[in-house]
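What follows is a short report on a single structure.
The values are calculated or read from the model by the stated rules, or taken from the named source; none is laboratory data. These figures come from a predicted structure and were not determined experimentally. Cβ sites come from the backbone with ideal geometry, for glycine too, and all protein chains shown count toward neighbours.
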Amino acid sequence: MSGLVTSELLDRVRERLAEGAGDPDPAQVAAAIRAEAGGVLGDTDLLRALRLLQTELTGAGVLEPLLHDPEVADVLVTAPDAVWVDRGRGLFRTAVRFADEAAVRRLAQRLALAAGRRLDDAQPWVDGRLPGTEAALGDSFGVRLHAMLSPIAHAGTCLSLRVLRPASQGLDALAAAGAIPAEAKVLLERIIRARLAFLVVGGTGAGKTTLLAALLAKVPAAERIICVEDAAELAPPHPHVVRLVARPANVEGAGEVTVRDLVRQALRMRPDRIVVGEVRGPEVVDLLTALNTGHDGGAGTVHANSPREVPARLEALAALGGMSRTALHSQLAAAIQVVLHVHRRPDGTRTLQEIGVVTRANGEVDIAPAWSANSTPTRGAALLTTLLDERTDR
């Protein structure tokens, strides 16, 4: 860096501004530059320093324009000159660059502080949510932050930002776009009317939350839906939705509210349907218990690459909550009737791949295919039809 605007000057200004709270406004940045420069900067140098620091010290810095792109779902930084985005078609490298590794580290630490978390050599990773991004990003609910410092991240600070946008596409729109075939759409609408409990499964970015929100929009308006989530993503267009969002512990390690805590509270809130946005821990025990206490039509999403993997996945999660394998299979068979599998193709398109029905034999749960997008045998089709007929006639 040439001229009077040196890296040492900028470092001193950063340290001065770090003593304040929140993002500094332009007047504060300009005052800090003048103070540290001792009045020797001309207007041109002052303006250059102001632009450099404003970009770095406000919002997500040089990443801010990427977060404002309505198509961007993830922004990933793996090196000062390696910034990647996912717009639903896989990862692409951008032209965005940081000055050096120290700049990436400073941004990660500042964002962690904004999220109320600690990020330093003693605590080299952070998982949190950035506040105040709802207004800044319009229709999104915020940004989930994950960062890891070197030397744990061997090549340098790694920063991952996921933009949490409301799943707003309805079932009709998904069907019109080809994501849900016509015959599958009819089955899905019947599943909602029959109040069958279901899980939406698939890999990361497969469209689980989108399908779940679309299905919840079909719930009768007279019913009360309680949604429990780790991060706010569900926003079904339904007149009576109560959204409960978990909260991490603060920098002192206090104030944590888990998904499991919220599932228990939801039971006391007169729910017609209890929905867990993503089942990823011991809360599966409470969800299955809730669905076995007269709360029909509940739902959730689970990371699984196929319906056949669901029992094993839930076994692992239930073990975290102290539930035995035998008890899990017993509870699962009684609580869940249907599994919906969504898949993301290599070109980025998302489709409903399979509808499975939960069966039990010899004490173990199995997921029998009842409808498939690729015309494979569906040995569970008759069972699903029977379930739908019985429950619809109630």
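Worth a mention:
- In the stretch 96-107, the residues that are without any contact (Cβ under 8 Å) to a residue 60 or more places away in the chain and of a type in the set (Asp, Glu) form Cβ pairs under 7 Å with partners that are surrounded by 19 or more Cβ atoms within 10 Å (Cβ to Cβ) and not in a helix (DSSP H, G or I), at six or more places apart or across chains, as follows: GLU101/GLY156; GLU101/THR157.
- Listed by position, the strands (runs of 3 or more DSSP E) contained in the stretch 148-250 that have at least 1 residues being among the hydroxyl-bearing types (Ser, Thr, Tyr) are 158-164.
- Residue that is farthest from ALA73 (Cα to Cα) [pool: residues in the stretch 128-152 that are modelled with pLDDT of 85 or more and surrounded by fewer than 19 Cβ atoms within 10 Å (Cβ to Cβ)]: PRO151
- Some residue of the stretch 289-303 being modelled with pLDDT of 90 or more, over 30 Å from ARG270 (Cβ atoms) and more than 22 Å from the chain's Cα centre (by Cα): no
- Residue within the stretch 324-333 that is in contact (Cβ under 8 Å) with a residue 40 or more places away in the chain, among the polar types (S, T, N, Q), buried (at least 20 other Cβ atoms within 10 Å of the Cβ) and out of contact with any Asp or Glu (no Cβ under 7 Å at 6 or more places or on another chain) present: yes
- Sub-6 Å Cβ pairs linking a first residue in the stretch 110-127 that is under 13 Å from LEU161 (Cβ atoms) to a second residue that is surrounded by fewer than 16 Cβ atoms within 10 Å (Cβ to Cβ), at least 6 apart or interchain, number zero.
- Applying the condition of being free of Cβ contacts under 8 Å to residues at least 60 places away in the same chain, under 17 Å from ALA217 (Cβ atoms) and not charged (D, E, K, R) to the stretch 237-266 and asking which residue is surrounded by the fewest Cβ atoms within 10 Å (Cβ to Cβ) yields PRO239.
- Residue in the stretch 41-54 that is closer than 30 Å to HIS343 by Cβ and either outside any helix (DSSP H, G or I) or modelled with pLDDT under 70 (or both) present: no
- Any hit, the stretch 258-274, residues being within 26 Å of ARG379 (Cβ to Cβ), assigned to a strand (DSSP E or B), out of contact with any His (no Cβ under 6 Å at 6 or more places or on another chain) and not hydroxyl-bearing (Ser, Thr, Tyr): no
- Where strands (runs of 3 or more DSSP E) sit wholly within the stretch 69-114, those with at least 2 residues that are of a type in the set (A, V, I, L, M) and buried (at least 18 other Cβ atoms within 10 Å of the Cβ) occupy 74-79, 82-86.
- Boolean, LEU387 is at pLDDT 85 or above, of a type in the set (A, V, I, L, M) and in contact with an Asp or Glu (Cβ under 6 Å, 6 or more places away or on another chain): no
- Restricting attention to the stretch 307-324, the residues that are at pLDDT below 90 and polar (S, T, N, Q) add up to 0.
- For the stretch 276-310, the set of residues classified as among the small types (Gly, Ala, Ser), out of contact with any Cys (no Cβ under 7 Å at 6 or more places or on another chain) and buried (at least 24 other Cβ atoms within 10 Å of the Cβ) consists of GLY297, GLY298, ALA299, GLY300, listed by residue number.
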